[in-house]
Amino acid sequence: MAPRKLVAGNWKMHGVSADLAEIAAIADAAGQYPRVDVALCVPAILIERATRAVPGFAIGGQDVHHAEKGAHTGCTSAEMLLDAGARLTIVGHSERRDAQRESDSEVKAKAEAALSCGLDVILCVGETLEVREQGAAISTVLAQLDGSLPERSASDAPLAIAYEPVWAIGTGKVPTTAEIAEMHAAIRAKLVERYGDGGGAMRILYGGSVKASNAAEIFAVDDVDGALVGGASLKASDFMPIVEAADGA
Ligand code: PGA
């Protein structure tokens with residue numbers, strides 16, 4: 001049986017108190033789609049206010065430090081996210097892999113720290129345009145997974161993978177459905193190789209310029225179990241049609 005679809009918004013560095021009303025609008029509308037899991041990953045500093053504004057709705061972080069605590073100025077631990085009310089976190093987003101130079105092993109340590117604290121994890125992978133043009137997209141993504149998948153049994157793993165081609169993020173460009181299908185099948189095979197049956201049940205999300213106009217087509221692709229949505233998650237009017245497409249898939 002295919003897993004329930006998950007549509008998660010990644011608000012990136014957007015969101016202040018004035019935006020809590022939009023979060024409330026999204027949470028309220030999500031109630032109309034009980035067959036879809038909906039979440040919003042907001043800036044760490046907004047998590048607690050967001051969870052108070054929309055109790056029961058899944059609010060998440062966008063990154064987590066791998067250490068439990070210590071001298072890590074400006075960083076947020078998994079326990080801190082949980083304490084603020086987060087249920088999940090993104091790790092290994094390409095904007096962090098690139099700007100913060102996060103390595104696969106660092107992403108793996110972050111995923112393990114979050115999962116062991118009880119947070120669901122969305123672990124991102126994806127290739128650059130240069131890599132795709134060289135014909136190395138699949139081998140690159142599988143190598144990222146080899147380096148960044150957590151060492152744990154999948155049976156108790158609320159772990160999802162988000163395939164986000166770097167060249168599709170915020171650009172309006174999306175891979176063809178055949179390219180998405182090929183990549184998601186390769187990711188599925190890797191998850192099964194690593195975790196056995198549990199890997200077959202893990203969600204594989206697609207991310208990168210998902211919007212109302214392309215969501216249904218993307219959700220119809222085999223092994224696409226939801227989406228990680230950036231720009232189109234900031235407004236209920238853009239985001240909810242994507243959730244509706246997931247509901248209809
Ligand atoms: P986008 O971002 O939907 O704005 O392309 C997706 C992401 O970075 O997760």
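The values are calculated or read from the model by the stated rules, or taken from the named source; none is laboratory data. Being a predicted model, the structure only gives us computed values, none of them experimental. Quick reminder, even Gly has a Cβ in these numbers, built from the backbone with ideal geometry, and neighbours come from all protein chains shown. We work out accessible area using only protein heavy atoms, side chains counted, and drop any ligands, DNA or RNA first. Shrake-Rupley method; radii C 1.70, N 1.55, O 1.52, S 1.80 Å.
Which one of Ala2, Ala25, Ala18 is out of contact with any Phe, Trp or Tyr (no Cβ under 7 Å at 6 or more places or on another chain) and surrounded by 13 or more Cβ atoms within 10 Å (Cβ to Cβ)? Before you say what the answer is, go through the steps one by one.
Details: Ala2 fails: surrounded by 13 or more Cβ atoms within 10 Å (Cβ to Cβ); Ala18 fails: surrounded by 13 or more Cβ atoms within 10 Å (Cβ to Cβ).
One residue alone meets the criteria, Ala25.
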In the set Asp37, Asp19, which member is more than 16 Å from the ligand (Cβ to nearest atom) and in a helix (DSSP H, G or I)?
Asp19
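Can Asp238 be described as within 15 Å of the ligand (Cβ to nearest atom) and open to solvent by 60 Å² or more (accessible area, probe 1.4 Å)?
yes
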Boolean, Ala227 is at pLDDT 95 or above and either in contact with a Cys (Cβ under 8 Å, 6 or more places away or on another chain) or buried (at least 20 other Cβ atoms within 10 Å of the Cβ) (or both):
yes
Of the residues in region 178-189, those that are over 16 Å from Glu127 (Cα atoms) and in contact (Cβ under 8 Å) with a residue 12 or more places away in the chain number 1
Members of region 201-224 found to be loosely packed, with under 15 Cβ neighbours inside 10 Å and small (Gly, Ala, Ser), listed by number:
Ser213, Ala220
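Among Arg97, Arg101, which is out of contact with any strand residue (DSSP E or B) (no Cβ under 7 Å at 6 or more places or on another chain), modelled with pLDDT under 95 and in a loop (DSSP other than H, G, I, E, B)? So that I can check it myself, show each step before the final result.
On the way: Arg97 fails: in a loop (DSSP other than H, G, I, E, B).
It is Arg101.
Within region 176-208, track down each residue that is assigned to a loop (DSSP other than H, G, I, E, B), over 18 Å from the mean Cα position of the chain (by Cα) and not polar (S, T, N, Q).
To start, the set of residues in region 176-208 that are assigned to a loop (DSSP other than H, G, I, E, B) comprises 176, 196, 202, 208.
Remaining after also requiring over 18 Å from the mean Cα position of the chain (by Cα): 176, 196.
Correct list: Gly196 only.
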Answer from Leu142, Leu149, Leu115, Leu119 - the residue that is more than 16 Å from the ligand (Cβ to nearest atom) and open to solvent by 20 Å² or more (accessible area, probe 1.4 Å)
Leu142
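How many residues are open to solvent by 60 Å² or more (accessible area, probe 1.4 Å) and out of contact with any helix residue (DSSP H, G or I) (no Cβ under 8 Å at 6 or more places or on another chain) when one looks only at region 155-167?
Step one: list which residues in region 155-167 are open to solvent by 60 Å² or more (accessible area, probe 1.4 Å), which gives 155-156.
Subset that is out of contact with any helix residue (DSSP H, G or I) (no Cβ under 8 Å at 6 or more places or on another chain): 156.
The total comes to 1.
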From the list Thr89, Thr73, Thr51, exactly one residue is away from the ligand (no atom under 16 Å from the Cβ), on the phi < 0 side of the Ramachandran plot and touching a helix residue (DSSP H, G or I) at 6+ places or on another chain (Cβ under 8 Å). Which is it?
Thr51
How many residues, within region 168-181, are surrounded by 15 or more Cβ atoms within 10 Å (Cβ to Cβ) and away from the ligand (no atom under 15 Å from the Cβ)?
3
Selection from region 183-200 of residues that are open to solvent by 50 Å² or more (accessible area, probe 1.4 Å) and touching a Ser or Thr at 6+ places or on another chain (Cβ under 9 Å)
Asp197
Within region 97-112, does at least one residue satisfy the condition of being touching a residue at least 12 places away in the same chain (Cβ under 8 Å), over 15 Å from His66 (Cα atoms) and within 16 Å of the ligand (Cβ to nearest atom)?
yes
Going by the structure shown, is Asp247 in a loop (DSSP other than H, G, I, E, B), more than 11 Å from the ligand (Cβ to nearest atom), modelled with pLDDT of 95 or more and open to solvent by 10 Å² or more (accessible area, probe 1.4 Å)?
no
In region 86-109, which residues are crowded, with 21+ Cβ neighbours inside 10 Å and of a type in the set (A, V, I, L, M, F, W, C)?
Ala86, Leu88, Ile90, Val91, Val107
